[in-house]
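Peer 1: Okay, handing you the structure first.
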Amino acid sequence: MKKEKIDEALELLWMIMEEGNLNKVEISTLPDHMGCFDPELIEKVGKRDTIAAVNEAEKAGYVVIENGRAGYTLSGESRARDIIRRHRLAERLLSDALALPESEIEPGACKFEHILTEGVTDSVCSFLGHPPMCPHNKPIPRGKCCERFSSEIQPLVIRLKDAEIGVFYKIIFMSSKNTHRLQKISGLGLVPGSSIKVLQRKPSFVVQTGETILAIDDEIVDEIYVKNESGKK
Amino acid sequence: MHDHKSGRKAADTVQDVILLGNPNVGKSVIFSLLTGKYAIVSNYPGTTIEVAYGTILGSKPKTRIIDTPGVNNLIPMSEDEKVTRDILLSSPAKAVIQVADAKNLKRALLISVQLAEMRVPFVLVLNLWDEALDRRISIDTAKLSELLGVPVITTIATQKWGTDKIFHAIDGAKPGLNTMLYEKSVEESLLAIENELHGDFLISRRSIALMLLSGDVSLKEWLSKNASKDGIKSIEDVVDNASRRFSQNLGYLINKQRLAFVDGILAQVYREEPGFFSKFQYAVARITMHPFWGLLFLALVMYVMYIFVGKFGAGTAVDFLQNTFFGEWINPVLVKFCRSFMPERISDFFVGQYGLFTMAFTYALAIILPIVFSFFVFFGVLEDTGYLPRLTVVSNKIFKVIGLNGKAILPMVLGLGCGSMATLTTRILETKRERIIVTVLLAVGVPCSAQLGVIFALLSAIPIKFFLVWFGMIFFILLLSGILASRIIPGESADFIMELPPVRIPQMWNIVLKTVSRMRWYLKEAVPLFILGTVLLFFMDSLGILRLIEYAAKPVITGLLGLPGRTTEAFIVGFLRRDYGAAGLKSIWEGGLMTPDQLVTSLVTITLFVPCVAHFFITIKERGWRSASLIFMVSLIAAIAGGLLTRMVLLLL
């Protein structure tokens with residue numbers, strides 16, 4: 001339980017640093033519920049649960065606190081990266097591959113982040129085609145598996161740009177930061193679940209979905225992840 | 001605009017019928033059939049950029065019908081989509097006719113679902129039924145009508161098949177069944193927003209709440225008129241809260257859930273037999289987009305255009321009309337007639353050097369008319385095949401260099417037809433930055449059809465190297481302006497997402513109608529300006545002002561560019577119409593007053609010269625006074641610089 005609290009604290013610090021592009025966080029400004037800190041639980045144990053957790057993390061040697069500002073130690077940073085990686089991969093797994101409703105994704109991911117081993121994490125990552133972003137469009141820290149080209153795990157999900165020409169695939173997810181872009185392509189019928197086929201790669205990507213033929217930028221193609229719809233050509 | 005004053009009851013307001021649907025599904029064809037008014041019809045998305053109004057033939061009481069730009073979503077993603085959505089917000093509609101591409105039912109239903117949410121009465125017209133049948137697609141229309149709760153009819157508008165049913169269906173229009181439910185937390189947020197919206201709206205509060213929740217910023221202005229300050233504040237809070245709570249962008253999430261709902265309907269009504277495609281059209285589509293063959297195909301298209309517009313239109317046809325028809329038959333008779341009883345001063349006004357008949361009408365009808373005619377025919381065929389949007393595939397990478405994407409080639413190619421129309425078409429581009437850059441390029445150096453025809457005709461008479469110099473120079477200046485503009489104008493480049501319509505065989509009848517409609521437009525717009533320009537020249541000449549201007553412009557025209565002083569008048573009328581200017585250069589050349597070097601220099605200068613009056617006014621309308629004046633100055637500088645550069649290049653060659 002104590003270990004989990006420390007993980008939670010490391011995760012929280014990561015999120016705040018990532019958002020504000022900081023390397024130290026003012027402890028007094030820590031929010032009460034963010035990341036995996038459950039708002040209902042906080043009501044029970046008292047308000048400043050997050051600060052207590054950060055103090056725990058300091059005791060364990062993952063965090064250094066100076067003048068009321070907390071920063072990672074070397075081991076703390078690597079541990080935090082792994083937690084974030086597990087959490088965000090779990091989100092992808094639950095939302096894309098298992099298509100669970102919104103309300104079950106966060107609590108699920110908060111549990112997964114504590115129990116996945118490195119091996120399992122890499123398998124999940126390969127299985128999902130090494131996604132760069134979580135569903136909130138936050139970067140997923142890269143793991144060893146992402147740098148290796150060959151993998152024992154046959155990826156279930158591949159990038160559309162690596163798709164075979166003339167074969168139908170099913171869109172699994174789109175990892176775009178650009179919300180305007182997402183809304184726009186979804187208006188054209190491109191959403192997770194749609195069938196898509198690459199007609200040509202050069203000079204521009206041309207894809208077909210239903211009876212709609214679209215020419216699109218390479219960078220958009222890079223963000224579309226698909227799964228082979230077996231047998232349908 | 002809709003009148004917000006109360007007391008105007010819905011019953012006695014004029015109620016409109018609104019035509020609406022995805023791009024390129026045939027709205028304008030149906031508009032033409034219902035009103036008897038021809039609206040330009042082409043085979044690419046975005047042909048209708050301005051709303052068209054008409055009266056339905058035989059309707060009692062008279063019913064007005066509105067043709068709107070195509071939309072993929074009623075949450076607007078571009079300026080033309082906003083126009084359509086705003087019409088729904090502000091025009092009380094008796095009925096909406098949603099026109100759909102039957103073979104693309106999924107995307108049509110994404111809009112139907114939103115219309116049902118708005119609670120506006122509508123009818124679903126499944127057009128292009130023949131193409132759906134060709135692809136072995138079958139749709140259970142009775143079931144679809146039952147699921148949507150509105151009449152569903154099938155048509156092939158271009159063959160007038162089934163279109164009489166539309167007229168009757170208008171009366172049967174009713175609000176669709178709004179059975180779409182979103183996930184619980186979305187519904188809760190919707191309810192919270194709906195509670196802040198008070199008053200009578202033309203569309204349901206639920207649909208407005210959905211737009212707001214999707215983060216539709218284009219509603220801001222409307223909202224400030226229709227909700228209290230506190231109301232807006234709490235709406236913003238609800239939206240903020242919701243977007244924090246959800247892992248995904250809300251607009252995207254809502255679209256996703258709508259499409260999932262649509263898939264549920266499709267599963268019950270839509271069947272497709274796999275394995276079919278038309279070999280010929282498929283092959284053509286492949287070739288036009290191929291990295292190598294595509295460019296060759298483009299070269300071929302340009303060559304055919306050169307032959308048809310430059311050689312036939314501007315050469316053979318102009319020769320006959322100018323030299324034989326006007327030169328030998330009409331003008332000598334007129335000259336004789338006028339000189340016989342009028343004093344010389346007055347007869348000069350009609351048949352002199354700057355005479356109404358000998359200049360204005362001869363230029364407008366003998367030189368320009370055959371050129372624009374042949375261009376419009378050629379261009380109409382090109383438009384209807386679906387080739388133009390495929391050009392974007394080949395040109396995307398080139399346009400990236402100047403901060404644009406392939407989509408920008410559409411207004412540029414249309415600019416070869418007419419710069420002012422093309423400037424309006426920049427609205428299909430997503431960002432303001434792109435619209436400005438393309439507007440600059442159009443003003444600086446895209447020659448319009450009539451001008452291009454004259455230029456082709458002139459250049460075809462001298463060695464090919466001159467043509468290459470002209471082409472290279474224009475291309476270079478355009479590229480340079482593009483690069484500079486994209487560096488100066490802030491903002492990011494927009495995504496390239498272009499829908500490609502199927503390759504279709506053009507229909508003779510549409511080409512004829514389209515050409516006639518464009519010719520009529522040309523005559524209405526160009527001839528008065530030719531007359532005005534000639535009258536202006538006549539008086540400037542007789543009062544000696546022309547000489548004065550020529551003298552003042554001498555350092556630039558004669559000194560810098562090395563051109564004969566008389567070309568000044570071509571540039572003066574070039575501001576009224578570029579083609580008029582080019583025609584002026586033609587007659588100077590034919591009079592033997594210029595060397596080939598001077599001709600090419602003057603042609604580069606007139607091509608890059610300031611936009612014509614009409615084009616300039618449209619630019620003001622679209623971009624505002626300041627930008628338009630700036631663009632004007634830029635093209636003036638580009639023209640002089642380009643001319644000077646040409647002169648120097650030719651000296652070296």
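Peer 1: Given the residues B:Ser481, B:Ser517, which is the only one that is touching a Phe, Trp or Tyr at 6+ places or on another chain (Cβ under 7 Å) and either assigned to a helix (DSSP H, G or I) or polar (S, T, N, Q) (or both)? Break it down stepwise before answering.
Peer 2: On the way: B:Ser481 fails: touching a Phe, Trp or Tyr at 6+ places or on another chain (Cβ under 7 Å).
Testing whether each residue is touching a Phe, Trp or Tyr at 6+ places or on another chain (Cβ under 7 Å) and either assigned to a helix (DSSP H, G or I) or polar (S, T, N, Q) (or both) leaves just B:Ser517.
Peer 1: If a residue has to be among the acidic types (Asp, Glu) and not in a strand (DSSP E or B) to count, how many in the range A:63-84 make the cut?
Peer 2: As a first pass, look at the range A:63-84 and keep what is among the acidic types (Asp, Glu): A:66, A:77, A:82.
Narrowing the set further to residues that are not in a strand (DSSP E or B) leaves A:77, A:82.
Selection size over the range A:63-84: 2.
Peer 1: Within the range A:106-115, does at least one residue satisfy the condition of being more than 22 Å from A:Tyr225 (Cα to Cα), in a helix (DSSP H, G or I), among the acidic types (Asp, Glu) and more than 14 Å from chain B (Cβ to nearest Cβ)? If you could, list the steps in order and put the result at the bottom.
Peer 2: Within the range A:106-115, the first condition is being more than 22 Å from A:Tyr225 (Cα to Cα), and the residues that meet it are A:107-108, A:110-115.
Narrowing further to those that are in a helix (DSSP H, G or I): A:107-108, A:110-115.
Now narrow it down to the ones that are among the acidic types (Asp, Glu): A:113.
Still in the running and more than 14 Å from chain B (Cβ to nearest Cβ): A:113.
Yes: the range A:106-115 contains one or more residues that are more than 22 Å from A:Tyr225 (Cα to Cα), in a helix (DSSP H, G or I), among the acidic types (Asp, Glu) and more than 14 Å from chain B (Cβ to nearest Cβ).
Peer 1: Take the residues in the range A:122-181 that are within 28 Å of A:Gly210 (Cα to Cα) and part of a helix (DSSP H, G or I); name whichever of them is modelled with the lowest pLDDT.
Peer 2: The selected residue is A:Thr179.
Peer 1: Go through the range B:434-468 and give me each residue that's without any contact (Cβ under 8 Å) to a residue 12 or more places away in the chain and either of a type in the set (Phe, Trp, Tyr) or in a helix (DSSP H, G or I) (or both).
Peer 2: Passing the criteria: B:Ile464, B:Phe467, B:Leu468.
Peer 1: Answer yes if at least one residue in the range B:157-165 is among the hydroxyl-bearing types (Ser, Thr, Tyr), outside the structural domain of B:Leu89 (by TED's automatic domain parsing) and part of a helix (DSSP H, G or I), and no otherwise.
Peer 2: First, pick out the residues of the range B:157-165 that are among the hydroxyl-bearing types (Ser, Thr, Tyr): B:158, B:163.
With outside the structural domain of B:Leu89 (by TED's automatic domain parsing) added as a condition, the list becomes none.
No, every residue in the range B:157-165 fails to be among the hydroxyl-bearing types (Ser, Thr, Tyr), outside the structural domain of B:Leu89 (by TED's automatic domain parsing) and part of a helix (DSSP H, G or I).
Condition check ((1) exposed (fewer than 14 other Cβ atoms within 10 Å of the Cβ); (2) within 30 Å of B:Phe357 (Cα to Cα)) across all residues:
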position: B:Leu266; (1), (2): no, no
position: B:Gln281; (1), (2): no, no
position: B:Gly294; (1), (2): no, no
position: B:Phe297; (1), (2): no, no
position: B:Met302; (1), (2): yes, no
position: B:Tyr306; (1), (2): no, yes
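Peer 1: Shifting gears a bit: Tell me, which strands (runs of 3 or more DSSP E) wholly within the range B:16-112 include 2 or more residues that are within 14 Å of chain A (Cβ to nearest Cβ)? Quick ask: steps written out before the conclusion?
Peer 2: Working: elements: B:16-21, B:52-55, B:64-67, B:93-101.
Of the strands (runs of 3 or more DSSP E) lying wholly inside the range B:16-112, those with at least 2 residues that are within 14 Å of chain A (Cβ to nearest Cβ) span B:93-101.
Peer 1: Then there is this: Can you pull out every residue in the range A:93-105 that is assigned to a helix (DSSP H, G or I) and in contact with a helix residue (DSSP H, G or I) (Cβ under 8 Å, 6 or more places away or on another chain)? Reasoning before the result, please.
Peer 2: Initially, the range A:93-105 is screened for residues assigned to a helix (DSSP H, G or I), giving A:93-97, A:102-105.
A:Leu93, A:Leu94, A:Ser95, A:Ala97, A:Glu102, A:Ser103, A:Glu104, A:Ile105 - these are the residues of the range A:93-105 that are assigned to a helix (DSSP H, G or I) and in contact with a helix residue (DSSP H, G or I) (Cβ under 8 Å, 6 or more places away or on another chain).
Peer 1: Please go through the range B:201-217 and pick out each residue that is under 22 Å from B:Gly176 (Cα atoms), within 14 Å of another protein chain (Cβ to nearest Cβ) and not in a helix (DSSP H, G or I).
Peer 2: B:Ser214
Peer 1: Still on this structure, I have one more. Take the residues in the range A:194-211 that are crowded, with 22+ Cβ neighbours inside 10 Å and facing chain B (nearest Cβ under 7 Å), then tell me which one is modelled with the lowest pLDDT.
Peer 2: So, considering only residues that are crowded, with 22+ Cβ neighbours inside 10 Å and facing chain B (nearest Cβ under 7 Å), the one modelled with the lowest pLDDT is A:Ser204.
Peer 1: Are there any pairs with C-beta distances below 7 angstrom linking a residue in the range B:619-647 that is within 22 Å of B:Glu79 (Cα to Cα) to a residue that is of a type in the set (Phe, Trp, Tyr), with the two at least 6 apart or on different chains, and if so which?
Peer 2: From residues that are within 22 Å of B:Glu79 (Cα to Cα), the pairs are B:Ala628/B:Phe616.
Peer 1: Quick one: is A:Val191 under 21 Å from the mean Cα position of the chain (by Cα), among the aliphatic types (A, V, I, L, M) and away from chain B (no Cβ under 13 Å)?
Peer 2: Numbers: under 21 Å from the mean Cα position of the chain (by Cα): yes; among the aliphatic types (A, V, I, L, M): yes; away from chain B (no Cβ under 13 Å): no.
In short, no.
Peer 1: Do we have any residue at all in the range B:333-343 that's outside any helix (DSSP H, G or I) and either in contact (Cβ under 8 Å) with a residue 24 or more places away in the chain or over 20 Å from B:Ile455 (Cβ atoms) (or both)?
Peer 2: Taking the range B:333-343 first, the residues outside any helix (DSSP H, G or I) are B:342-343.
Then drop every residue that is not either in contact (Cβ under 8 Å) with a residue 24 or more places away in the chain or over 20 Å from B:Ile455 (Cβ atoms) (or both), which leaves B:342-343.
Yes; the residues of the range B:333-343 include at least one that is outside any helix (DSSP H, G or I) and either in contact (Cβ under 8 Å) with a residue 24 or more places away in the chain or over 20 Å from B:Ile455 (Cβ atoms) (or both).
Peer 1: In addition: Is the range A:141-155 home to any residue that is closer than 25 Å to B:Ser493 by Cβ, among the hydrophobic types (A, V, I, L, M, F, W, C) and more than 7 Å from every other protein chain (Cβ to nearest Cβ)?
Peer 2: no
The values are calculated or read from the model by the stated rules, or taken from the named source; none is laboratory data. This one's a predicted model, so the numbers in the text were calculated from it and none came from an experiment. Quick reminder, even Gly has a Cβ in these numbers, built from the backbone with ideal geometry, and neighbours come from all protein chains shown.
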